[in-house]
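These notes are about the structure you will find just below.
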Amino acid sequence: MEKKLNAVYLGLGSNLGDKIANLNQALNLISIEFGTITRTSSYYFSEPQGFISENEFVNLVVKIESKKLPFEILEGIQKIEKLMGRTINTIGQYQDRIIDIDILFHNSVIINEVNLVIPHPLILQREFVKSPLLEILDDLALLKLCTN
């Protein structure tokens, strides 16, 4: 039995180096790792939140169609981040990063585990996630999942 295609929304951000090139490289790796990117938002520029840095972020949101399940997506994201040079955060605080990829939605699945929460809990509080998401979101009912 063949796995069905899942609608997955990912938020991406970069605030180190050539940020646009970092995002483009991540998009290429995402399409190789997970499947077709069907929608891509505009770039959004934002100040760091939760930590102090002189480096502005560039963010975007993409929708992909993938046969992978949520924890498979998480594993693939971590692989891409490591491949691109992201280091493990050992200080427990936000910090500058070459790439950050978050799962925003995976169909209408709700997961609340220690290492994975879907939908992403800060979607509605972070304008740099909410605005690009709303630009490409084709199922506004998913937003109701964020308020539960």
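FYI, it's all coordinate maths here, none of it is from the lab. Keep in mind that this is a model prediction, so the values were computed, not measured. Ideal geometry is used to build each Cβ from the backbone, glycine not excepted, and the neighbour counts take in all protein chains shown.
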What's the longest piece of the chain with no exposed chymotrypsin sites (Phe, Trp or Tyr not before Pro), counting a site as exposed if DSSP puts it in a loop and it has at most 14 other beta carbons within 10 Å? 95-148
With springs connecting C-alpha atoms under 10 Å apart, model the chain as a Gaussian network and identify which of VAL58, VAL117, VAL109 has the largest mean-square fluctuation. VAL109
Using the Kirkwood radius over C-alpha pairs as Rh, can you work out the diffusion coefficient of the chain via Stokes-Einstein at 25 °C, viscosity 0.890 mPa s, in µm² per second? 158
On a 0 to 90° scale, report how tilted helix 70-83 is relative to the longest principal axis of the chain, with both axes built from alpha carbons and the result rounded to the nearest 10. 30
Loop-exposed trypsin sites (Lys or Arg not before Pro) per DSSP, neighbour cap 15 Cβ within 10 angstrom, longest uninterrupted part of the chain: 68-148
Any chance you could list P(r) for region 98-143, counting all Cα-Cα pairs in 10 angstrom bins from zero, rounded to whole %? 25, 57, 18, 0
What relative contact order, as a whole-number percentage, does the chain give when Cα pairs under 8 Å and 6 or more residues apart are counted? 32
Test of understanding: given the chain, find the longest segment containing no GluC sites (Glu not before Pro) that are in a DSSP loop and have at most 14 other Cβ atoms within 10 Å. 57-112
